[in-house]
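Notes to accompany the following structure.
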């Protein structure tokens, strides 16, 4: 079922470009929503927030911002089980999106997480549907991965900041720290 007014959680500018265009082509009114307490360190958070401001201006969409940088809260929720961090991350942001959708009178909610080929769509969909039942607002699932290459091209054309990891401090470590057993050499 196609919603009339969709609250669309935006994790970052590059991941939202293609979905926003697709939603507009479908005639869906979009309220963008930025809540990403998982993004660390702080300078990375600011870069992504700025890219979302830039995209919202370019796309002409209204935005709602829950501008909270919560390193301590994120670490408290994930430190004991860092391998389960993605589930927590999806749930916390989708939960905030569902609540914001109800607050803003939207008839569905979704997320730009559905654009990334690196995210677990089954888990996102499961949690989205669970929260839809809890809040009484449908979760709108669309597999936006079909526009992966086009989104990359469009984000480069707009000059949006393009991050190199999903956002959490653990994924930054996975991306940049030497792998276990690789050793560190002195120069």
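Subtracting the Cα-Cα distance of residue 156 and residue 22 from 0.36 nm times their residue separation leaves 46.4 nm of extension gain. Once the C-beta distance of residue 58 and residue 29 is scaled by a Förster radius of 22 Å, the resulting FRET efficiency is 0.80 to the nearest 0.05. Restricting the calculation to alpha carbons of segment 103-163 gives Rg and Dmax of 13.9, 40 angstrom.
In a fully extended conformation the segment linking residue 42 and residue 80 would gain 11.5 nm over its present Cα-Cα distance, using 0.36 nm per residue.
Normalising the average separation of contacting C-alpha pairs (under 8 angstrom, six or more residues apart) by the number of residues puts the relative contact order of the chain at 30 percent. Across the chain, the convex hull enclosing all Cα atoms gives 139 Å³ per residue.
For residue 180 and residue 134, the difference between the fully extended length at 0.36 nm per residue and the C-alpha to C-alpha distance is 12.4 nm. Peptide packing: for 157-165, 109-117, 91-99, the average count of neighbouring Cβ atoms within 10 Å per residue gives the ranking 109-117, 91-99, 157-165, highest mean first.
To the nearest 0.05, how large is the calculated FRET efficiency for residue 87 and residue 118 if R₀ is 22 Å and r is the Cβ-Cβ distance?
E(calc), rounded to 0.05, equals 0.90.
Quick check on the chain: helices-only [θ] at 222 nm, where DSSP H runs of length 4 and up contribute -39,500 (n - 2.57) each and the sum goes over total residues. Nearest 500, please. Only helices count here, giving -15500 deg cm²/dmol.
None of the figures in this text is laboratory data; all of them are computed from the coordinates on show. None of the values given here were measured: they were computed from a predicted structure. No Cβ is skipped: glycine too gets one built from the backbone with ideal geometry, and neighbour counts run over all protein chains shown.
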